[in-house]
Amino acid sequence: MDKNIQNFRAIDLNIDISKLPTPIYIVDERLIEKNLRVLKEVMDRTGCRILLAQKAFSMFSLYSLIGRYLSGTAASSLFEARLGFEEMKGKEVHIYSPAYREEEFDEIVRICDFIIFNSFSQWNKYKHRIKASGKRIECGLRINPEYSEIETEIYNPCSKGSRLGITPENFREDDLEGIDGLHFHTMCEQNSDVLKRTIEVVDRKFGKYIKRMKWINFGGGHHITRPGYDMDTLIECIMYIKNKYDVEVYLEPGEAIALNAGYLAARVLDFVKNNIDIAILDTSAACHMPDVIEMPYRPKIVGAGEPGQYPYTYRLGGLTCLAGDVIGDYSFKEPLKEGDILIFTDMAIYTMVKNNTFNGVNLPAIAVYNEKDGLKIIKKFEYEDFKERLS
Ligand SMILES: *Cc1c(COP(=O)(O)O)cnc(C)c1O
């Protein structure tokens with residue numbers, strides 16, 4: 001994290017922070033590119049293909065940069081697929097959804113190169129439409145190896161009763177005509193030791209089917225670009241499967257592409273005292289960083305410490321009327337003042353894609369930083385954006 005704080009200081013050289021309109025996301029292109037170079041190294045060392053999982057990060061203004069390094073995009077819906085198709089031109093478009101809607105399927109066929117099904121019933125329902133299109137589409141099935149080390153239940157696709165993927169028990173060996181690949185997604189923010197154990201299970205339970213495939217997709221959740229990630233074990237896993245089964249390997253990380261590459265700057269609006277000191281910001285956990293409540297987790301702030309670590313501790317709250325709209329407790333070396341700007345780190349992923357305008361709270365503006373242009377605000381939201389989604 002410290003490195004990124006220093007990187008933010010580098011931005012400081014070119015902008016006057018106190019003049020920033022807040023709240024605002026700032027994505028540092030240099031840090032995105034640094035992540036992309038790491039991912040490219042995995043591709044170069046293994047021959048695997050890596051896709052951007054758009055559900056984590058759909059900042060399409062950077063898709064041409066991302067497309068210079070990666071093989072394409074992975075989508076969870078028609079709209080995400082279309083965004084990848086339109087904005088990362090000429091690159092592969094993959095889609096997986098727990099179920100496809102009939103009225104959307106023809107367009108999915110038109111724009112996607114890879115379609116992954118969650119069940120044999122979905123596969124059988126749609127395979128004729130794919131065939132009838134005359135387009136060469138690679139079809140895959142999502143499998144559920146019933147092995148995951150994710151401890152947060154809502155993020156565990158292999159929890160008991162999960163709807164995601166086909167379990168070994170429900171797999172149909174005689175229904176694979178036309179299936180080119182298998183897909184599993186069982187990880188979340190994990191290192192490659194978890195992948196290695198997962199691969200052992202996938203190999204044991206599904207190896208006899210992988211043999212008949214052209215490719216296998218290891219899904220997302222690989223924290224490849226975090227400090228200390230064990231890339232050699234990842235490479236070993238990819239090469240093991242590639243060599244054993246003579247298949248292409250795909251990875252579709254989301255987080256790893258924009259991990260630690262963005263900030264959210266917010267201003268202090270007011271203070272409330274109720275046993276503890278509370279500062280109210282012009283951002284909101286509920287609206288602008290929903291994973292803080294959903295995961296839950298405590299984001300880092302440049303220059304702030306754990307409660308009590310520095311002399312002045314505050315609970316930071318959002319400006320909605322949700323009682324639980326609390327970001328966390330933090331301490332500072334100096335007392336906070338109205339108008340101070342706080343910089344939350346690692347705010348590029350699972351933020352813009354999940355935001356909402358609950359309470360009529362406006363969405364943060366979006367800015368990118370690069371060396372050539374400095375800081376550029378590329379999007380601002382208005383009342384009309386709020387109203388447009390209502391009726
Ligand atoms: C969420 C998801 C991803 C991306 O996961 P990250 O944790 O952001 O790397 C990839 N594939 C599928 C099927 C997913 O559901």
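Kindly provide the chymotrypsin sites (Phe, Trp or Tyr not before Pro) of region 324-391 that DSSP labels as loop, not H, G, I, E or B, and whose Cβ sees at most 15 other Cβ atoms within 10 Å. The partial results should precede the final answer.
Values: sites: Tyr330, Phe332, Phe344, Tyr350, Phe358, Tyr369, Phe381, Tyr383, Phe386; in loops: Tyr350, Phe381.
Loop-located and lightly packed - Phe381.
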Region 71-196: relative contact order in percent, alpha carbon pairs under 8 Å with at least 6 residues between: 20 percent
Quick shape check on region 178-281: root eigenvalues a ≥ b ≥ c of the Cα gyration tensor, a/c under 1.5 is rounded, otherwise prolate if a/b tops b/c, else oblate, and it reads prolate
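Give me the extension gain from Lys380 to Ile278: residue separation times 0.36 nm, minus the current Cα-Cα distance, reported in nm with one decimal.
So the chain would gain 33.9 nm between Lys380 and Ile278.
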In nm, to one decimal, how far is the Ser133 label point from the Met295 one, both placed 7 Å along Cα→Cβ? 3.6 nm
Interchain or long-range residues, amide H under 5 Å from Gln54's placed H: Ala74
The FRET efficiency for Lys244 and Glu146, from their Cβ-Cβ distance with R0 = 25 Å and rounded to 0.05, is 0.75
Which residue, Asn156, Asn275, Asn260, has the most motion in a Gaussian network model of the chain that connects Cα atoms within less than 10 Å? Asn275
Give a residue-ordered list of calculated ³J(HN,Hα) values for region 188-204 (Karplus: 6.51 cos²θ - 1.76 cosθ + 1.60, θ = phi - 60°; whole Hz; x for Gly, Pro). 7, 6, 10, 8, 6, 5, 5, 4, 4, 5, 5, 4, 4, 6, 4, 4, 5
How big is the dipole moment of the chain about its Cα centre under a simple scheme where the beta carbon of each Lys and Arg is +1, that of each Asp and Glu is -1, and everything else is neutral? Debye, nearest 20, please. 820 debye
Among Ser133, Ser284, Ser119, determine the one that fluctuates most according to a GNM of the chain built with springs between C-alpha atoms less than 10 Å apart. Ser133
In terms of modelled amide H atoms, which long-range or inter-chain residues lie less than 5 Å from the amide H of Gly220? Thr186, Met187, Glu252
In the Gaussian network model of the chain, springs joining C-alpha atoms below 10 Å, which of Ile26, Ile143, Ile154 carries the largest mean-square fluctuation? Ile154
Distance cut-off 24 Å, percentage of C-alpha pairs in region 47-258 lying past it: 39 percent
Report the Rg/Rh value for region 248-338, based on alpha-carbon coordinates and the Kirkwood definition of Rh. 1.06
So what's the net charge close to Asn356: Lys and Arg +1, Asp and Glu -1, counting the other residues with Cβ under 15 Å from its Cβ? -2
Select from Asn260, Ala286, Asn243 the residue farthest towards the positive end of the dipole of region 230-315; place +1 on Cβ of Lys and Arg, -1 on Cβ of Asp and Glu, and compute about the Cα centre. Ala286
Using alpha carbons only, how many angstrom separate the centre of region 312-391 from the centre of region 246-275? 12 Å
How large is the Kirkwood hydrodynamic radius of region 14-156, in angstrom, based on all distinct alpha carbon pairs? 17.3 Å
On a full-extension model of 0.36 nm per residue, what is the gain between Cys321 and Arg172, subtracting their alpha-carbon distance, rounded to one decimal in nm? 48.6 nm
Viscosity 1.002 mPa s, temperature 20 °C, Stokes-Einstein D of region 101-205 from Kirkwood C-alpha radius, µm²/s: 143 µm²/s
Of the listed pairs Lys135/Lys211; Lys300/Lys379; Lys55/Lys91; Lys40/Lys91; Lys89/Lys125, those with alpha carbons more than 20 Å apart are Lys135/Lys211; Lys300/Lys379; Lys89/Lys125
How big is the chain on each of its three principal axes, counting only the C-alpha atoms and giving the largest first in Å? 67, 48, 45
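Values in this text are rule-based calculations from the coordinates and carry no lab data. This one's a predicted model, so the numbers in the text were calculated from it and none came from an experiment. Cβ coordinates were reconstructed from backbone atoms using ideal geometry, including for glycine residues, and neighbour counts include every protein chain displayed.
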